[in-house]
Amino acid sequence: MNLEDRNQQLQQLKSELAREQAAVSSGTRPDNPGRIREIRKTIARILTINHEKPKAAPAKAAAKPKVAAKAAKKTDTEVQQE
């Protein structure tokens, strides 16, 4: 599932959640009380995936300079010799 599909499904789920919550707030009994929780969790999953994807590539690139920085640090003996 690509980003466009996820965003489309996200919008559908948000509108369905709004309908379900409106029905509950108006005092009617929901057909499936667990559906609201299921919709909220699915929305959270989609948002999590959307936030993880862009961060995955830069995180790997950012890790390399940290390794080089550790190697560039002076050891205790080098500091004492100065």
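Here is how the numbers come out for the structure above:
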read-out: Residue-span extension gain [His51 to Leu13] - 0.36 nm each, minus C-alpha spacing; value: 11.9 nm
read-out: Computed E for Glu4/Asn32 - FRET, C-beta separation, R0 30 angstrom, nearest 0.05; value: 0.60
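Any read-out appearing in this document is the output of simple, stated calculations on the displayed coordinates, not a laboratory observation. Note that the structure is a prediction, hence the values are computed from the model and not measured. All Cβ positions, glycine included, derive from the backbone under ideal geometry; neighbour counts span all protein chains shown.
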